[in-house]
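Below: the structure, in structure tokens.
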Ligand code: FES
Ligand SMILES: [Fe+2]
């Protein structure tokens, strides 16, 4: 008999200390009921990165996104205020804004031409005279919480959620000295992977465990022995001394600068990889139980013409690492579906970040299961 969703959730022991802990069970990566619950309990309740603040500089600038399968639009109002809305027309539900980003004087639904101002208020309806008991003022776009942090814009579908600042906790002060404000966006690259979104996060959080085995180039510029892993609040900070020597792979050595690399993960699905003068962010979005999209945004300190060869080469090194990670993640997803595997153990030296991830996730899932049961 198929186990119930409750049985599947209860088969993870979140109280076990790292040395005794198991990973979350394989079914959490393969069962569509878990994926469905995650949309409600994880993606619709935690702050989600949806874009870059630089895309929303002027009144009328907007971006669209999908959060927990909900269409969202974020727009800068005439008053300079940032606002977010469900991107759903109050007439017959068409998505109002249909480009990834842009600039608009107002938000006009393409279906029948209803028009909302930048503050989300319904201003104009075509051919709607004579309709009774209809208040224009009650038919604005439905608002969503939005807050910026550093170069990024986040939304939260839960009106009762804590502020973004409190949600990010220690990450705020950890990142401040790295000077993200001086970095300029260069390019976005997106990858569709045949794995559950959590496989990608787990791989990011294995404390460099896989680096010597799977990323020979990257490994040749990191001091693996002195790699550190620290959990704070909803964040895991991994850091490694950068150490280039005669044996380092040329491209990695030329593009991974500074004394230290920092790899931040913020629960549930946002990652930041920082080297001196370089940042890439990874946002992993579920597309189903065994599919996800990973979006890389690349930022550099020096984006001058003269530095473009470095910028290209540097993104090339990240691309190679990402291709190596795709092979791992898709292989792991196949293994998680095997009858031979139920759950695994965690390296105490390396895999504390995964342990944090699994416990935070378990707390959210069990919390919303309790809410559903009430
Ligand atoms: S659905 Fe938007 S105007 Fe009809
Ligand atoms: Fe990797």
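Taking residue 50, is it in contact with a helix residue (DSSP H, G or I) (Cβ under 7 Å, 6 or more places away or on another chain) and surrounded by 15 or more Cβ atoms within 10 Å (Cβ to Cβ)?
Criteria not met by residue 50.
Matching residues to (1) in contact with a strand residue (DSSP E or B) (Cβ under 8 Å, 6 or more places away or on another chain); (2) within 16 Å of ligand 2 (Cβ to nearest atom); (3) touching a residue at least 60 places away in the same chain (Cβ under 8 Å):
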| position | (1), (2), (3) |
| --- | --- |
| 74 | yes, no, yes |
| 78 | no, no, no |
| 82 | yes, no, yes |
| 87 | yes, no, no |
| 98 | yes, no, no |
| 105 | no, no, no |
| 108 | yes, no, no |
| 114 | yes, no, no |
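Quickly run through region 99-119 and pick out the residues that are within 11 Å of ligand 1 (Cβ to nearest atom), under 22 Å from residue 55 (Cβ atoms) and assigned to a loop (DSSP other than H, G, I, E, B).
If the condition is that a residue be within 11 Å of ligand 1 (Cβ to nearest atom), under 22 Å from residue 55 (Cβ atoms) and assigned to a loop (DSSP other than H, G, I, E, B), then 109, 110 are the ones that fit.
Scan region 71-98 for residues that are surrounded by fewer than 18 Cβ atoms within 10 Å (Cβ to Cβ) and more than 16 Å from ligand 1 (Cβ to nearest atom) and jot them down.
Passing the criteria: 77, 78, 79, 80, 81, 82.
Which residue is nearest to ligand 1 (Cβ to nearest atom), if the candidates are limited to region 189-224 and must be over 22 Å from residue 314 (Cα atoms) and part of a helix (DSSP H, G or I)?
Ranking the candidates gives 197 first.
With the requirement that a residue be at positive phi and within 13 Å of ligand 2 (Cβ to nearest atom), what does region 204-261 give you?
207, 208
Kindly indicate the residue of region 120-149 that is in a loop (DSSP other than H, G, I, E, B) and buried (at least 18 other Cβ atoms within 10 Å of the Cβ) and also nearest to ligand 1 (Cβ to nearest atom) among those meeting that condition.
Among them, the one singled out is 125.
Restricted to region 118-135, and to residues that are in contact (Cβ under 8 Å) with a residue 24 or more places away in the chain and closer than 22 Å to residue 80 by Cβ, which residue is farthest from ligand 2 (Cβ to nearest atom)?
This residue is 122.
Each value in this text was obtained by applying a stated rule to the coordinates, not by laboratory testing. Everything numeric here is computed off the predicted structure, so don't read it as measured data. Methodologically, a virtual Cβ is constructed for each residue, glycine included, from the backbone with ideal geometry; neighbour enumeration extends over all protein chains shown.
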